[in-house]
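Engineer: Mind having a look at this structure? Questions to follow.
The values are calculated or read from the model by the stated rules, or taken from the named source; none is laboratory data. On a predicted model such as this, the values are computed, not experimentally measured, just so you know. All Cβ positions, glycine included, derive from the backbone under ideal geometry; neighbour counts span all protein chains shown. Ligands, DNA and RNA are stripped out before the accessible areas are found, and what is left, the full protein with its side chains, is counted by its heavy atoms. Shrake-Rupley method; radii C 1.70, N 1.55, O 1.52, S 1.80 Å.
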Amino acid sequence: MKPTLDIADLKEIARRRVPRMFFDYADSGAWTESTYRANEEDFKKIKFRQRVLVDMTGRSLESTMIGEKVAMPVALAPTGLTGMQHADGEMLAAQAAEEFGVPFTLSTMSICSIEDVASVTKKPFWFQLYVMRDRDFVINLIDRAKAAKCSALVLTLDLQILGQRHKDLRNGLSAPPRMTPANIVNMAFRLPWCARMLKTRRRSFGNIVGHAKGVGDLSSLSSWTNEQFDPRLSWKDVEWIRERWGGKLILKGILDAEDAKLAAATGADAIIVSNHGGRQLDGAPSSISVLPGIVEAVADRTEIHLDGGIRSGQDVLRALCLGAQGTYIGRPFLYGLGAFGKQGVTMALEIIRKELDVTLALCGKRLIGEAGPDLLYKE
Ligand code: FNR
C-alpha cells in the first residue's frame, strides 16, 4: 500500500470509500467554485523566509484559542452531515480531537446529536449554532449545548440563505440517501461504508429530528430546513444569543473589515475569518487574502481565527504569521474520517502537526507564539 503522507492522499482514499453523494458534499463549493479554489491557491503564494544555524531544540506548538490550551492552534471546523462520511462520524472526530488536544466543533446540522457527542467525550467541545426562524428551537439548542457543558458557542453568520452547490443538486443530496438506481450502484462499490451505516441508528440530523416542531421523518425534515434559515438575522439577534448563552462566543463567517468591527463591538471572544469554505458567496475573496485587513481593523479588540483552504501545517503557519491566533480545518478532517474513521482524523491532525513543526523550525523559530510577519516575504 502507498504511504499516506499528506491531506491530498487522504482525500483520494476518501473518494474511493465514501459514496459519491457525500464525498461530493464535502468536496463542493458554491456555483463555479472559484472561491473554494482561491482559498487553497492563495495560500501557495505566501513564501517563507528560510533561516539557518538557529538552535531548533525544545520546540513547541502549544498555544491557546479563546483562552483554552491547545496542542496546536488548529480546531476541527463545524461541518454538517459528518456522520455521513463515516458512521458515527461526529463522535469519532470529537474523540480524535480530544485525544490530540485540539477543539472539536459540532455543527447544528450534524448527524450525531449534542448528547451523542457528550456521551463519548470527557472534555468540553464547542457547539456551532445556526439561528433558525423557530426561536424556540434555537433556545432549546442553546440549552442543550449548555447542559452538555460545551465551552464555546460558534455562531455562524454567513448562512442566512443557502449558497447553491451544483454537485449536491445533481446528486440529489439527502441523509439518509434515497435509494435511487445511481445511489445503489455507487454504494455497492462501498460496502464497508454501507455495513457500518446499517449498524448505527444515527442516519439523520440528530440535533433536529425529534426536537424541532413537526420534524419526524425525512420529508418533513427537508421542508423544515429549507424554510428555517433566517433571512432577517441581524446584529440584534447576536446580542440576544450572547445573553442567552452567557459563555464564550465565537462569531463565524466574517470576510469584511467593516463586519469585523461590528462583530468585535458585540464583545465576542473571537471572530472567524471565513467564507464557509467557498460554499456560500462564490466570487468572494479567499479568507487568507482578507486576513491582514481584518487584523489591522480589530486585532486589538477580539481574537482572530481563520478557516478556508488550509491543507497543510504550512498553511496554518502562514495564517498565524499574518495575525490569526487560531485556525480550523474542515475538509482535511472529513477526508481523514472518510478514509480511515477516527484514525484518519488523527492522521490528518498528525500530518498537519508535522508540517507545522518542521516549517516553523526551518524558518528559525522554536515556539509557535513566535510566528509573525517576519517569517514571510513581503509581497
Ligand atoms: C461546512 N461548513 C459549515 N460551517 C458551519 O458553520 N456549519 C456547518 O454546518 C457547516 N457545514 C459544512 C459542511 C461541509 C461538508 C464543509 C466542507 C464545510 C464550513 C466549515 O465550518 C468551514 O468554514 C470550512 O470547511 C473551512 O474550509 P476548509 O477547511 O473545508 O477548506
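Engineer: Restrict the check to the range 211-232 and report whether at least one residue is within 25 Å of residue 302 (Cβ to Cβ) and among the hydroxyl-bearing types (Ser, Thr, Tyr).
Structural biologist: No, the range 211-232 contains no residue that is within 25 Å of residue 302 (Cβ to Cβ) and among the hydroxyl-bearing types (Ser, Thr, Tyr).
Engineer: Does residue 271 satisfy the condition of being more than 19 Å from residue 363 (Cβ to Cβ) and crowded, with 22+ Cβ neighbours inside 10 Å?
Structural biologist: Taking the combined requirement at face value, the residue satisfies it.
Engineer: Taking residue 353, is it crowded, with 22+ Cβ neighbours inside 10 Å, in a helix (DSSP H, G or I) and basic (Lys, Arg)?
Structural biologist: Criteria not met by residue 353.
Engineer: Determine whether residue 295 is among the aliphatic types (A, V, I, L, M), open to solvent by less than 50 Å² (accessible area, probe 1.4 Å), within 16 Å of the ligand (Cβ to nearest atom) and part of a helix (DSSP H, G or I).
Structural biologist: The answer is no for residue 295.
Engineer: I want to confirm something. Restricting to the range 220-230 and keeping residues that are open to solvent by less than 80 Å² (accessible area, probe 1.4 Å) and of a type outside the set (A, V, I, L, M, F, W, C), which single residue is nearest to residue 155 (Cα to Cα)?
Structural biologist: Among residues in the range 220-230 that are open to solvent by less than 80 Å² (accessible area, probe 1.4 Å) and of a type outside the set (A, V, I, L, M, F, W, C), the one nearest to residue 155 (Cα to Cα) is 230.
Engineer: Only one of 90, 99 is of a type in the set (D, E, K, R) and open to solvent by less than 10 Å² (accessible area, probe 1.4 Å); which?
Structural biologist: 90
Engineer: Quick one: in the range 298-319, which of the residues that are in contact with a Ser or Thr (Cβ under 7 Å, 6 or more places away or on another chain) and more than 12 Å from the ligand (Cβ to nearest atom) is farthest from residue 351 (Cα to Cα)?
Structural biologist: Restricting to residues being in contact with a Ser or Thr (Cβ under 7 Å, 6 or more places away or on another chain) and more than 12 Å from the ligand (Cβ to nearest atom), the top hit is 317.
Engineer: Would you confirm whether any residue within the range 71-80 is away from the ligand (no atom under 12 Å from the Cβ) and either open to solvent by less than 10 Å² (accessible area, probe 1.4 Å) or modelled with pLDDT under 95 (or both)?
Structural biologist: Yes, some residue in the range 71-80 is away from the ligand (no atom under 12 Å from the Cβ) and either open to solvent by less than 10 Å² (accessible area, probe 1.4 Å) or modelled with pLDDT under 95 (or both).
Engineer: Could you list, in sequence order, all residues of the range 263-285 that are touching a helix residue (DSSP H, G or I) at 6+ places or on another chain (Cβ under 6 Å), without any contact (Cβ under 8 Å) to a residue 40 or more places away in the chain and hydrophobic (A, V, I, L, M, F, W, C)?
Structural biologist: Selection gives 264, 271.
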